[in-house]
1. Among the residues of region 76-99, are any modelled with pLDDT of 90 or more, out of contact with any helix residue (DSSP H, G or I) (no Cβ under 8 Å at 6 or more places or on another chain) and under 21 Å from Met51 (Cβ atoms)?
2. Are there any pairs, at least 6 apart or on different chains, whose C-beta atoms fall under 9 Å, with the first in region 88-100 and under 23 Å from Phe45 (Cβ atoms) and the second of a type in the set (Val, Ile, Thr), and if so, which?
3. Looking only at region 41-56, how many residues end up being part of a loop (DSSP other than H, G, I, E, B) and loosely packed, with under 13 Cβ neighbours inside 10 Å?
4. Does region 28-51 contain any residue that is closer than 28 Å to Ile73 by Cβ, out of contact with any Asp or Glu (no Cβ under 7 Å at 6 or more places or on another chain), in contact (Cβ under 8 Å) with a residue 40 or more places away in the chain and charged (D, E, K, R)?
5. Being assigned to a loop (DSSP other than H, G, I, E, B) and among the charged types (D, E, K, R) is the filter; apply it to region 1-40 and report the residue that is nearest to Leu60 (Cα to Cα).
6. Name the residue, out of Ala78, Ala84, that is surrounded by 12 or more Cβ atoms within 10 Å (Cβ to Cβ), more than 24 Å from Phe97 (Cβ to Cβ), in the same structural domain as Glu99 (by TED's automatic domain parsing) and of a type in the set (Gly, Ala, Ser).
7. Checking the structure you have, find out if any residue of region 74-97 is in contact with a Ser or Thr (Cβ under 9 Å, 6 or more places away or on another chain) and charged (D, E, K, R).
8. Exposed (fewer than 14 other Cβ atoms within 10 Å of the Cβ), among the charged types (D, E, K, R), modelled with pLDDT of 80 or more and out of contact with any Phe, Trp or Tyr (no Cβ under 7 Å at 6 or more places or on another chain), is that true of Asp38?
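The values are calculated or read from the model by the stated rules, or taken from the named source; none is laboratory data. This is a predicted model, so every value here is computed, not measured. Note that each Cβ is placed from the backbone with ideal geometry, even for glycine, and that neighbours are counted across all protein chains shown.
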Amino acid sequence: MSADLDQMYSSFLKNQVPANWLAVGYASQKPLASWFKDLHKRVEFMRKWMMKGHPSAFWLSGFFFPHGFMTGILQTYARKHRKAIDFLKFKFIFKEFKEVNECISKDGTDYQ
């Protein structure tokens, strides 16, 4: 067994995310079982987005780099409306909390 595989096996025994997985995944302090469950939810979110189109709500913490997503939203808006991105900013209105399965898009598609 190679040294990498031995280290991965040791991580499994300790319920830790192997270092070689973290090198290509996202950083987290969660134990392996929780990390893997979270990874599965992230992949499922992206898959539904790809197959069904834009969701009515975005799971920001599900992104590996949420800052990049938010910048992309600003760039898309700036291009569409021919505005200078430097003058755009986000405005937040806090609404009553909803579970993901309660979010329904304008066309009636739900993203559970």
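1. yes
2. Phe90/Ile73
3. Filtering region 41-56 for residues part of a loop (DSSP other than H, G, I, E, B) gives 53-56.
Cutting the leftovers down to loosely packed, with under 13 Cβ neighbours inside 10 Å gives us 53-54.
Final tally of qualifying residues: 2.
4. Yes, region 28-51 contains a residue that is closer than 28 Å to Ile73 by Cβ, out of contact with any Asp or Glu (no Cβ under 7 Å at 6 or more places or on another chain), in contact (Cβ under 8 Å) with a residue 40 or more places away in the chain and charged (D, E, K, R).
5. Going through region 1-40, the residues assigned to a loop (DSSP other than H, G, I, E, B) turn out to be 1-2, 14-18, 23-31.
Okay, now just the ones that are also among the charged types (D, E, K, R), so 14, 30.
On the way: Lys14: 29, Lys30: 18 Å.
For region 1-40, the residue satisfying everything is Lys30.
6. Selected residue: Ala78, the only one of Ala78, Ala84 that is surrounded by 12 or more Cβ atoms within 10 Å (Cβ to Cβ), more than 24 Å from Phe97 (Cβ to Cβ), in the same structural domain as Glu99 (by TED's automatic domain parsing) and of a type in the set (Gly, Ala, Ser).
7. Within region 74-97 (the criterion being in contact with a Ser or Thr (Cβ under 9 Å, 6 or more places away or on another chain) and charged (D, E, K, R)), the answer is no, since none of the residues qualifies.
8. Numbers: exposed (fewer than 14 other Cβ atoms within 10 Å of the Cβ): no; among the charged types (D, E, K, R): yes; modelled with pLDDT of 80 or more: yes; out of contact with any Phe, Trp or Tyr (no Cβ under 7 Å at 6 or more places or on another chain): yes.
So Asp38 fails the test.
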